[in-house]
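Quick note: the coordinates plus some simple rules give every number you see, no bench work behind them. Please read all numbers here as calculations on a predicted model, not as lab measurements. Don't worry about glycine lacking a Cβ; one is built from the backbone with ideal geometry, like all the others, and counts go over all protein chains shown.
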Amino acid sequence: MDIRIKIGYLLSYDYQYIITSLKEVYEYADVIVISYDKNLKTWTGNSFELPEEIFVEIKLLDVNNKIQFYSDNFYIPNNPPLESETRQRNMLAKYLGTGGWHIQIDSDEYLYNFKKLAFFLHKNNYLLKNPSRTPITFRVKLIVLFKKTSEGFYVINPYNELCNLITNSPNYSKARSTFNQKVYTLDYYIIHQSWARDSLEIQQKIVNWGHVNDFDTNLFYENWNNLNSENYKTYLDFHPLPDCSWLKLDFIKAKNIHEFILSINNSLPQPALKIPISIFKRIKLYLKSFT
C-alpha cells in the first residue's frame, strides 16, 4: 500500500508564485511533480516564458530531492481551455502513479500549516488500502485574494469558496472535480493569491483562465482596476460566474504575501481535522476499506 503524499503542480505564466507555495508544503510532502507545457503554451494557446532562474530556485529549495519536472503537450488547438486543464490534471495524475494521496495545487495556492493536513491524511491512510472500494475526495475552503496594494490585500469574505484538493482515486472530470466519488469538505483553509497581481498579470490571467469563455472579461478587468479604498465596500455579490458568489471584500494589512500568510496563520489557525461524518459512518468506511 502506497501511503505517500503526492503533490502535483501546474506551472505556467504565474511561475513566480510557486516558490512561496512549495515552501509551505515541502517538508511534509513525499513526492512533488511540477508539470508544464513543453512548448510553453497556455490552455488557450498563448505563449509564456519560464526563465531558467525559476528552475534554479526550485532546485535550491529541493534539499531532499523530492521534486521532479514533467513536461508534455498540454495545449490542444481548438480545445476548450477547461477541457485542456482537465486533460493536464489527468496526465499529471498518471505521471504521479497509482496509490497514495494525490494533491493538485496551482502555483498561486498556499497551504499554510500543511503539517496539520498531512497528519490528517496519514491518520486516515486506511482509505488508501482499497481506493476502488472507498473513492474519496476532500475539498477545502479558499481564502481568495482579490487585489494587492502597498499596504495590504483586499480579500473575498466570507471564506466559503470550495476547492477539490485531495483524492485517493485521481480521475478528474472537470478541473479538480472527480468522477463518482464521495466528496467531504474539510475545515482547512488555503490562501489563493488569485487576482492579487499587477495589472499586466491580471490581463494575462483573464485571457488564459479556464473560464475565459464564460464571462465578460473586459467588464471584469474594469471592475478590478477601479477597486480602491474608497469604493471596495460597494463590491457586493460580484463574482463573474452565475453559480459562484463573492459576497463582499475585506481589507487585511500586510506588506507582502509572506506577511499575509503569517497574519492569517495567527488570526485563522488551522483546526484539528476529521472527516465530517458520524462515528458510525467512519467505522463503516473503515471496515469497507478492508473488504
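Kindly state, to the nearest 0.05, the FRET efficiency for Phe179 paired with Thr291, given R0 = 30 Å and r defined as their beta-carbon distance.
Values: r = 22 Å, r/R0 = 0.72.
It comes out at approximately 0.90.
Which entries of Lys66/Lys129; Lys6/Lys174; Lys248/Lys288 show an alpha-carbon separation above 32 angstrom in the structure shown? Each step should come with its number before you reach the end.
Details: Lys66/Lys129 23 Å; Lys6/Lys174 20 Å; Lys248/Lys288 43 Å.
Among Lys66/Lys129; Lys6/Lys174; Lys248/Lys288, the Cα-Cα distance tops 32 Å for Lys248/Lys288.
Ranking Cys163, Cys244 by Cβ neighbours within 10 Å, fewest first, what do you get?
On the way: Cys163 18, Cys244 9.
Listing Cys163, Cys244 from fewest to most nearby Cβ atoms yields Cys244, Cys163.
At a threshold of 8 angstrom on Cα-Cα distance, excluding pairs fewer than six apart, so keeping six or more, what relative contact order does region 5-288 reach in percent?
Details: 495 pairs, mean separation 56.6, N = 284.
For region 5-288, the relative contact order is 20 percent.
Counting Lys and Arg as +1 and Asp and Glu as -1, each charge on the Cβ, what is the dipole of region 64-223 about the Cα centre in debye, to the nearest 20? Let's see the in-between values first.
Values: 18 positive and 14 negative charges, 204 e Å.
Dipole magnitude for region 64-223 comes out near 980 debye.
What is the fewest-to-most order of Asp250, Asp106 by other Cβ atoms lying within 10 Å of their Cβ?
Listing Asp250, Asp106 from fewest to most nearby Cβ atoms yields Asp250, Asp106.
Which FRET efficiency value, to the nearest 0.05, is calculated for Asn78 and Ser132 with the Förster distance at 45 angstrom and r the Cβ-Cβ distance? Show your work: numbers first, answer last.
On the way: r = 35 Å, r/R0 = 0.77.
Result of the calculation: an efficiency of 0.85.
Counting only GluC sites (Glu not before Pro) that are in a DSSP loop and have at most 14 other C-beta atoms within 10 Å, tell me the longest site-free stretch of the chain.
On the way: sites that count: Glu49, Glu151, Glu230.
It runs 50-150.
About the Cα centre, and with charges only on the beta carbon of Lys, Arg (+1) and Asp, Glu (-1), how big is the dipole of region 1-138? Nearest 20 debye, please. It would help to have the intermediate numbers written out before the result.
Working: 15 positive and 17 negative charges, 169 e Å.
Charge dipole of region 1-138: 820 debye, to the nearest 20.
Rank the residues Thr185, Thr86, Thr167 as a footprinting-exposure proxy: fewest other Cβ atoms within 10 Å of their Cβ go first. Walk me through the intermediate numbers first.
Numbers: Thr185 14, Thr86 19, Thr167 24.
Sorted ascending by nearby Cβ count, the order is Thr185, Thr86, Thr167.
Can you grab the distance from the C-alpha centre of region 1-59 to the C-alpha centre of region 197-264, Å, no decimals?
Taking the Cα centre of region 197-264 as reference, the centre of region 1-59 is 23 Å away.
From a point 7 Å beyond the Cα of Val63 in the direction of its Cβ, which residues of region 1-44 have a backbone N at a distance under 11 Å?
27
Going through the cross-link list Lys94/Lys205; Lys59/Lys205; Lys94/Lys147, which pairs have a Cα-Cα distance over 29 Å in this structure? Intermediate results must be reported in sequence, preceding the final value.
Details: Lys94/Lys205 27 Å; Lys59/Lys205 26 Å; Lys94/Lys147 35 Å.
Checking Cα-Cα distances, Lys94/Lys147 exceed 29 Å.
Can you find, among Leu273, Leu241, Ser289, the residue farthest towards the positive end of the dipole of region 239-291? Put +1 on the C-beta of Lys and Arg, -1 on that of Asp and Glu.
Looking along the dipole axis, the top candidate is Ser289.
So which aspartates and glutamates pass the test for Lys41, namely a Cα distance under 14 Å, with those fewer than 8 places away in the same chain ruled out?
Reachable aspartates and glutamates: Asp14, Glu49, Asp72, Glu85.
With point charges of +1 on the Cβ of Lys and Arg and -1 on the Cβ of Asp and Glu, referenced to the Cα centre of the chain, which listed residue (Gln181, Asn46, Pro158) lies farthest in the positive direction of the dipole?
Gln181
Under unit Cβ charges (Lys, Arg +1; Asp, Glu -1), what dipole magnitude, rounded to 20 debye, does region 5-288 have relative to its Cα centre? Before the final figure, lay out the partial values.
Details: 32 positive and 29 negative charges, 366 e Å.
Once rounded to the nearest 20, the dipole reads 1760 debye.
Rounded to the nearest Å, what's the spacing between the alpha carbon centres of region 169-192 and region 96-160? Just the number, please.
Between the Cα centres of region 169-192 and region 96-160 lies a distance of 9 Å.
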